């Protein structure tokens, strides 16, 4: 048997291995609710197939090599309707101009960690209907490249924050 043949698999921990790209077959494991891919030397682009795992509650593809992974958009995240916790590190999101909108309108996301990530500047006019999320309570964006103008927009993501961590982002003003 191979992993992609385990159609009822709900918990998969592939952390601390030597994967160099996120395996495409993971998108076919539609029953997964927990996926830990942390501490692998990933490079390349986050595959859109991750969006096929709609029952996923927890996703941790936290990476150990700074900015070696890229995501050109976060559309795949909008398909993970049940996702409650997302932890992503060392990823270049500079082409993902929709990143803040996808997070804003995610229906169940309550814990979000982006560490050592690069983000594009957000055009405030693209957020004309920017309302507070009902679920986001923990937001950690540490050691990331964020534009100072993004900070107030981040605070408007939710009224239910219990934990905010914006350390080591070089904000000023």
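Taken together, the values in this text are just the output of simple stated rules run on the coordinates, not laboratory data. If you're wondering where the values come from, they're calculated on a predicted model, not measured in any experiment. Methodologically, a virtual Cβ is constructed for each residue, glycine included, from the backbone with ideal geometry; neighbour enumeration extends over all protein chains shown.
Where a ≥ b ≥ c are the square roots of the eigenvalues of the C-alpha gyration tensor, would you call segment 22-97 rounded, which needs a/c under 1.5, or, failing that, prolate if a/b is larger than b/c, or oblate?
prolate
Just checking my list (i) 1.11; (ii) 1.01; (iii) 1.57 against Cα Rg over 2.2 N^0.38 Å computed from this structure; which label fits?
Computing Cα Rg over 2.2 N^0.38 Å and matching it to (i) 1.11; (ii) 1.01; (iii) 1.57 gives (ii).
Running a GNM on the chain with Cα contacts under 10 Å, which residue among 73, 40, 18 ends up with the highest mean-square fluctuation?
The residue that fluctuates most here is 18.
So how far apart, in nm, are the two label points at residue 108 and residue 2 if each is 7 Å from Cα heading toward Cβ?
Distance between the two pseudo-spin positions: 2.9 nm.
With labels modelled as points extended 7 Å from the Cα through the Cβ direction, what inter-label distance (nm, one decimal) is found for residue 140 paired with residue 162?
Result for the modelled spin labels: 1.5 nm.
Residue 13 to residue 54: extension gain in nm, 0.36 nm per residue of separation minus the Cα-Cα distance?
13.0 nm is the gain from fully extending residue 13 to residue 54.
Just from its helices, what would the mean residue ellipticity at 222 nm be for the chain, if runs of 4 or more DSSP H residues each count -39500 (n - 2.57) and the sum is divided by every residue, rounded to the nearest 500 deg cm²/dmol?
-2000 deg cm²/dmol
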